[in-house]
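Each reported figure results from applying straightforward, stated rules to the coordinates on display, with no laboratory input. Since the model is a prediction, treat every value here as computed from it, not as a measurement. In this analysis, Cβ positions are derived from the backbone assuming ideal geometry, glycine residues included, and neighbour counts consider all displayed protein chains.
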Amino acid sequence: MRVGARLPGVLLLMAAACGDTGGDTAAPGDCDRDPPLSYDNFGQQFMDTHCAGCHSSLLPEPLRNGAPLGVDLDTYAGVVQWVDRIEARSVGDDADMPPGGGPSDEERARLAEWLRCAVRPDHDALQEPP
């Protein structure tokens, strides 16, 4: 199948991931992949491949290619902390990360799903008052 033939479906998934859900993390049936995407089966490899080359807590500032110190995506905790920024910069029509390109449309759609269905709920749970 040509990449262009899949593009409308991928863009629809990505658009859904970027839309305002009014505080809900996902629409019913939106996160029903079995098994669900997790840090272990998707996120860690994606982050290691496309993000941690610049956004790693192990990199000194001169080797970060302009990535701000403290914006580290080499752990799940870092991804949870920066989920808003990851969504804004890596998913959707205005995605500009990573700056050299890299992820396919399909990978970006899976990233959007993982952020929406797994990471966002963890982030939101941390934001709730005790």
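Output the residue which, of all residues in segment 39-91 that are closer than 20 Å to E113 by Cβ and hydroxyl-bearing (S, T, Y), is surrounded by the fewest Cβ atoms within 10 Å (Cβ to Cβ). So the residue we want is T49. Of all residues in segment 31-83, those that are touching a residue at least 24 places away in the same chain (Cβ under 8 Å) and among the β-branched types (V, I, T) total 4. Selection of segment 66-95 for residues being under 9 Å from the mean Cα position of the chain (by Cα) and among the polar types (S, T, N, Q) yields only S90.
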